Amino acid sequence: MGLLRYSIEFDDYPRGVASRPGQGGNGHETLVATRFGKFHILEGGERRGSLRLGEALRMYTVPERADTTPETFKPTSTFGEPVWDPFSSSIFFLDSHAIMRLSSDNVVTLVAGHRTKAGRKDGQGPSARFSCPRFPVSDGCGSLFIADNNGICRVKLPTVWRTGGSTEPNLKTFSLEAEVTTLLTVRGVVGGLAFIKENCPAGWNILGSYNLIYATETAIYRLPLGGTNRASTPVLLAGCEGNVRFSLISGLVAAGDGTILLVDSNRCYDEGSKLISMTLSNGAVSIIAPCLEDKPIWPSILPNGYVSLCKMYPASLLVLDLGIAPLGSRAPVACGVGANSSSGGCCLRRTLSSDLAALLDRQPDGTSDLTLIVSGRTFYVHRSILTARCDYFRLRLTSGFADGDTPVLSLPDVDPDAFAALLRFLYTGSPSDVPSLSQPPALQRQLAELADRLLLPELCAIAQAQLLAAVTLDNLVDLLIWASERGEAFHDALARLTEWYLLHQAEVMEHKAEDVKRLMVTHPELASKINTAAAKLGLR
């Protein structure tokens, strides 16, 4: 995908980006946090064009005596994940086990927790404890939300920190200390947080007044909070626990076009991460950048619409030009994700494919009318979609078979992972939803075989094409044997594999002599046909 991207190198690992109003209210000042306690100014973050790393901020702590000079702030070894909060006109960040506040004059104060003492405890200010705080977000109205391993906490800021506005404070509820309250405990570990509210751009307000969007490792949820920020029952938006739709979510951010951007890190160390866009109105998911090297995390949106991600090795800030407006901005999107000429760039265009993909990801949501048991794994599906899209299911469910009216159908001899890929193709009709060759080759073969068995020639051809696209000396003979043992639907694949063999025969004979011997012993007829073809071409 042709994304404009470049990297800004750092001496230390960047750990998050936040923007605040510039001096005198002029423009924005974008700050990049680094692991060992610095905020670097990122110059050029307001305009489209080149960015440059500026000087580090000088941060101070409040002196114990009013007549002494402020001391330089000294962070611990873990520092970062800044977030701007308009309620207090401050940036909040994490310092080991504590939440800290950076005021507009660069004075640092403790908000809650203890920088060197870990724990899990609700309470006020320094009496509260966090184990591993992550992903702070602000509601702009006096509260922060923060993940702590598998918990999500609300941090109610002291009302004395409120800036701006003309409303007289309620002295009965006036507070000087932050108050930490656990809202929710989730399954697994929280993988990201974002906060949205009613007055955001078109497409968001259908979700209600206040919503916390949170991710686990493999799913995304909406937690309705209401006007009082009281949590209710989470609603699944995309993915599911243990599903392969997402591998390992590592941060998300709300954009100004009605979408959430998230990073899905592949669990395999040597494989890249994906930058994914999800539409909140329907849960539709699309991949923006399919392979980001070196596992970048912590996505942020700069004032100019660039997306930044933090990389540890090498220490750098990856910048993508997607033309996305930050949350709270109603500016039209110039290009990239969210561009929609008919709506001024406020929302992604909904499609039947994306809506049906979102429907599948939400299951079970009470709308399915058929349960499939596939080798012990349960799939909740919609009978009308399966019968309209697949001749096998149409014949089995509507042609007088005994299974026609059954609410539960069993497929005991089918690989469940291959069936999951086939099912997604039935719902979306999109080849891009077929697993790529980054998946195990065995899955691709099983998918091709299953598609042939269930009368889906298009999907069968797609799976075979993906296998052919990744032929190597190491897998050539195995693929030749596999294709020769299949039916008519695999004849073209066998012909292409034979051509590949003939074109690389010298290399095959030199490096894979044992595989060739195995082919001659186990499949002599196939080996004879290949040798005959080679003789005709004069390649023997």
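For the residue pair residue 104 and residue 410, what label-to-label distance in nm results when each label sits 7 Å from Cα along the Cα-to-beta-carbon direction?
6.9 nm
Provide the net charge surrounding residue 84, with neighbours chosen by a C-beta distance below 13 Å and charges set as Lys +1, Arg +1, Asp -1, Glu -1. Walk me through the numbers on the way to the answer.
Working: positive: 20, 101; negative: 29, 81, 85, 139.
Every neighbour counted, the sum reads -2.
Whole number please: convex hull volume per residue of the Cα set in region 444-492, in Å³?
Working: hull volume 3.2 nm³, N = 49.
Hull volume normalised by residue count: 65 Å³.
Run the accessible area of region 439-489 with a 1.4 Å probe and give the carbon-and-sulfur part as a rounded percent. Write down the numbers at each step before the final one.
Numbers: 1160 of 2210 Å².
Result for region 439-489: 53 percent of the exposed heavy-atom area is carbon or sulfur.
Hey, what do the phi angles of region 352-368 turn into as Karplus ³J(HN,Hα) couplings, whole Hz, using 6.51/-1.76/1.60 and θ = phi - 60°, x for Gly and Pro?
Calculated HN-Hα couplings, in order: 4, 4, 5, 5, 6, 4, 5, 4, 5, 5, 7, 5, x, 10, x, 9, 6 Hz.
So what is the accessible area of region 480-540 per residue, in Å², with the probe set to 1.4 Å? Write down the numbers at each step before the final one.
On the way: 3880 Å² over 61 residues.
Per-residue value: 64 Å².
In the structure displayed, which of 274/311; 38/156; 38/121; 512/536 lie more than 24 Å apart, Cα to Cα?
Values: 274/311 13 Å; 38/156 26 Å; 38/121 28 Å; 512/536 22 Å.
38/156; 38/121, as the Cα separations exceed 24 Å there.
Please work out the FRET efficiency for the pair residue 491 and residue 398, using the Cβ-Cβ distance as r and a Förster radius of 25 Å; give the result to the nearest 0.05.
Working: r = 31 Å, r/R0 = 1.24.
Calculated value: 0.20.
Farthest toward the dipole's positive end in region 482-540, which of 516, 531, 483, given Cβ charges of +1 (Lys, Arg) and -1 (Asp, Glu) about the Cα centre?
Result: 531.
Please compute the Kirkwood hydrodynamic radius over region 479-540, one decimal place, Å, based on all pairs of different Cα atoms. Can you show the working numbers first?
Values: mean 1/r = 0.0842 Å⁻¹.
So the Kirkwood estimate lands at 11.9 Å.
Give the ranking of 36, 490 by solvent-accessible surface, highest area first, calculated with a 1.4 Å probe.
Highest to lowest solvent-accessible surface, that is 36, 490.
So, counting K/R as plus one and D/E as minus one, what does the shell of residues with Cβ under 12 Å around residue 302 add up to? Mind showing how you got there, number by number?
On the way: positive: 47, 48; negative: 29, 43, 46, 321.
Result for the neighbourhood of residue 302: -2.
Under a 5 Å amide H to amide H cut-off, with H placed in plane at 1.01 Å, what residues pair with residue 140 once short-range neighbours are removed?
Under 5 Å from the amide H of residue 140: 87.
With Cβ to Cβ distances under 10 Å as the rule, what net charge do the other residues near residue 375 carry (K, R +1; D, E -1)? Can you show the working numbers first?
Details: positive: 377; negative: 413, 415, 417.
Here the charged neighbours net out to -2.
Over all directions, average the projected area of the Cα convex hull of region 361-422 and note it in nm².
The directionally averaged projection comes out at 4.2 nm².
Can you compute 3J(HN,Hα) from phi for each residue in region 316-321, using the Karplus curve 6.51 cos²θ - 1.76 cosθ + 1.60 with θ = phi - 60°, rounded to whole Hz and x for Gly and Pro?
Working through the residues one at a time gives 6, 10, 7, 10, 10, 8 Hz.
At R0 = 56 Å, how high is the FRET efficiency between residue 7 and residue 503 if r is their beta carbon distance? Nearest 0.05 is fine.
On the way: r = 39 Å, r/R0 = 0.69.
Computed FRET efficiency for residue 7 and residue 503: 0.90.
Whole-Hz ³J(HN,Hα) for each residue in region 122-135, computed from phi via Karplus 6.51 cos²θ - 1.76 cosθ + 1.60 with θ = phi - 60°, x for glycine and proline: what do you get?
Calculated HN-Hα couplings, in order: 6, x, 9, x, x, 7, 6, 9, 10, 8, 8, x, 8, 6 Hz.
Hey, what did region 9-58 get for relative contact order, percent, Cα under 8 Å, at least 6 apart?
Relative contact order of region 9-58: 26 percent.
Rg(Cα) of region 75-153 divided by 2.2 N^0.38 Å?
Details: Rg = 11.5 Å, N = 79, 2.2 N^0.38 = 11.6 Å.
In units of the 2.2 N^0.38 Å rule of thumb, it is 0.99.
The values are calculated or read from the model by the stated rules, or taken from the named source; none is laboratory data. As the structure is a computational prediction, the values presented were derived from the model and not from experiment. Here Cβ is always computed from backbone atoms with ideal geometry, including for glycine, and neighbour counts include all displayed protein chains. Please note that ligands, DNA and RNA were not included when accessible areas were found on the heavy atoms of the full protein model with its side chains. Shrake-Rupley method; radii C 1.70, N 1.55, O 1.52, S 1.80 Å.
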